Amino acid sequence: MPGSLEPLDLTVQIPYHFRCPISLELMCDPVTVSTGQTYDRSSIESWVATGNTTCPVTRAPLTDFTLIPNHTLRRLIQDWCVANRAFGVERIPTPKQPAEPSLVRSLLNQAASASNPSHSRLSALRRLRGLARDSDKNRSVISSHNVREVLINLVFSTSQSSDLSHESLAILVMFPLTEFDCVGISSEPERISYLANLLFHSSIEVRVNSAALIENVVAGTRSSDLRLQISNTEIIFEGVIEILKNPLSSPRALKIGIKALFALCLVKQTRHKAVTAGAAETLIDRLADFDKCDAERALATIELLCRIQVGCAAFAAHALTVPLLVKTILKISDRATEYAAGALLALCSASELSQKEAVCAGILTQLLLLVQSDCTDRAKRKAQMLLKLLRDAWPEDSVGNSDDFLCSEVVPF
C-alpha cells in the first residue's frame, strides 16, 4: 500500500484512506460493503450496477449488496476539509441517507389506509414527499413500490380531505406515468374536470401540480379521442394560461405551464379554445421570460396556433408579434428559428400588413443570413418561402444597396 499521503497539487495532499479505491477521489459519502472495504457510495453503486458481484479491492464475492454508511470516516474527512480550508478545500456535506424499502412500504401503507386518521396519512405523505425530493435513488426506490396506483387513488378519492389529495398530487407529478396510468385518468371525464378545477385553486403550487399532471396525461395518452376529450374539458385552457399570466409564477410554473399548453395545442380540433382563452397575447408577452427549452416550446405553440385562421388573426393583432418573431430568428436555437420562421410564414401569408411589419423589422437581413446558416433544412425552406412571399413588399433600394445581397445566389426566384 502506498504511504499515508498522496499529492493532489503543490500545496494539498489527500490522505490515502480518504480516497475511494475505485475513483481515487476524495470520498463524499463513504460506505462499507460486506467484505469490510469502504468506497464512495456513487462509485460502488456504479460498480455493482454494471454487473460486478465482487469487492473491487479484495476480489471476494459480495455476499449481499447492503451499503452501510461509514459515519466515522465521513466525519474525519469533514474535519480534514475544514482544517485545509485555507488551501481551497471545501467541506463535504453530510449526505442524506437513501430511503429504506421497508420505510417506503410502511409510509405507503399508512397513507393508503382509510382507517388511519387524516393527520397520520398526511404526515406519511409529507415524509414520502421529502424522501422523493432528496434524490433520484429515493424516487427509484419509491417507484418500485407501486406508488403511482396508490397516489392516483388518493388524488381522485372523493371520500377524504382535500389536503390528502393535494399532497398526493404533489408526489405523483414527481414520477413518470405509464400509458396504463394515463388512460386510467384520461378515460374518466370527472377526473380531468377535477384537475381543470384545481387550475384555479388559491394555492399556486396546487395549480402548477395540476397542470403538470394534465401535461403528463396528455403526452402519455396515444388515443386521439382521449386527447381530444381532455383538451375539450371546460376551462382547461383558461386555467393553464392563467398560470402563464401570473406575474408571480416561478420558473417551474412557467416551464410546466408552457409544457401543458403545448401538449394541449397538439390537438388540432381545440386550438381555437386556446386562442379564445388568450394564448396569443400571453405567449407574446411572456416569450422573453422563458429559458431556451421553454422558449422553443412557446414558439412551437405560436406556430401551431398560427395554422388556424383565428389564431393568425389574434397574433397579428398584437403589435409586438412580428417584430419579436423576426428578432428571434438565429438568436435562441435552430429549433426556435424554425418555429419563428414558420409562424412568420403563416402570418405573412394571411396579411399584407404583417408583411410590411416584417420588412420594417428587418426580416430580409435575417432570412438571408438564415438560408446561409447551418440551421435545419426545414427552417431554410420556410425562409426561402418567406423571401418569395415578401418579394413585392421589399423597398426598392433594400437589396440594390447591399453588395452582400447582390452576391447572394441562395434563393432562386
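The values are calculated or read from the model by the stated rules, or taken from the named source; none is laboratory data. All figures in this text were calculated on a predicted structure; none of them were measured in a lab. Every residue, glycine as well, gets a Cβ built from its backbone with ideal geometry; the counts of neighbours run over all protein chains shown. Keep in mind that these areas ignore ligands, DNA and RNA; they rest on the heavy atoms of the full protein, side chains included. Shrake-Rupley method; radii C 1.70, N 1.55, O 1.52, S 1.80 Å.
Couple of notes before you dig in:
- Taking residues in region 151-174 that are surrounded by fewer than 21 Cβ atoms within 10 Å (Cβ to Cβ) and at pLDDT 90 or above, and partners anywhere that are outside any helix (DSSP H, G or I) and charged (D, E, K, R), the pairs with Cβ atoms closer than 9 Å and at least 6 places apart or on different chains are 156/188.
- For region 119-130, a tally of residues being within 16 Å of residue 169 (Cβ to Cβ) and either open to solvent by 60 Å² or more (accessible area, probe 1.4 Å) or of a type in the set (A, V, I, L, M) (or both) returns 5.
- Whichever residue in region 60-117 is of a type in the set (Lys, Arg) and over 30 Å from residue 151 (Cβ atoms) and, among such residues, is most open to solvent (accessible area, probe 1.4 Å): 85
- Lone unmet requirement of (1) more than 18 Å from residue 166 (Cβ to Cβ); (2) open to solvent by 40 Å² or more (accessible area, probe 1.4 Å); (3) touching a residue at least 24 places away in the same chain (Cβ under 8 Å); (4) not polar (S, T, N, Q) for residue 133: (1)
- From the list 287, 320, the lone residue that is at pLDDT 90 or above, open to solvent by 10 Å² or more (accessible area, probe 1.4 Å) and under 21 Å from the mean Cα position of the chain (by Cα) is 287.
- Residue 43, sole failed condition from (1) open to solvent by 60 Å² or more (accessible area, probe 1.4 Å); (2) not in a loop (DSSP other than H, G, I, E, B): (1)
- Pairs with Cβ under 7 Å, 6+ apart, first in region 43-67 and farther than 13 Å from residue 21 by Cβ, second aromatic (Phe, Trp, Tyr): 48/65
- Condition broken by residue 228, with the remaining ones in (1) more than 19 Å from residue 193 (Cα to Cα); (2) open to solvent by 10 Å² or more (accessible area, probe 1.4 Å) satisfied: (1)
- Region 53-88, subset part of a loop (DSSP other than H, G, I, E, B) and among the polar types (S, T, N, Q), residue farthest from residue 123 (Cα to Cα): 58
- Subset of region 339-374 [among the hydroxyl-bearing types (Ser, Thr, Tyr), open to solvent by 20 Å² or more (accessible area, probe 1.4 Å) and touching a Leu at 6+ places or on another chain (Cβ under 6 Å)]: 339
- Options 179, 238: the member that is at pLDDT 95 or above, open to solvent by 50 Å² or more (accessible area, probe 1.4 Å) and either within 23 Å of the chain's Cα centre (by Cα) or not basic (Lys, Arg) (or both): 238
- Residue among 91, 148 that is outside any helix (DSSP H, G or I) and touching a residue at least 12 places away in the same chain (Cβ under 8 Å): 91
- Pairs where the first residue, in region 376-402, is farther than 13 Å from residue 341 by Cβ and the second is modelled with pLDDT of 85 or more and surrounded by 11 or more Cβ atoms within 10 Å (Cβ to Cβ), C-beta under 7 Å, 6+ apart: 393/355; 393/356; 393/359; 394/359; 394/364; 398/364
- Candidate set from region 291-315 (those that are open to solvent by 20 Å² or more (accessible area, probe 1.4 Å) and among the hydrophobic types (A, V, I, L, M, F, W, C)); member that is nearest to residue 262 (Cα to Cα): 293
- So residue 142, is it without any contact (Cβ under 8 Å) to a residue 40 or more places away in the chain, of a type in the set (Val, Ile, Thr) and within 26 Å of residue 106 (Cα to Cα): no
- Subset of region 329-338 (residues that are buried (at least 24 other Cβ atoms within 10 Å of the Cβ) and over 17 Å from residue 305 (Cα atoms)): 329
- None of 307, 335 is in a helix (DSSP H, G or I) and charged (D, E, K, R) except 335.
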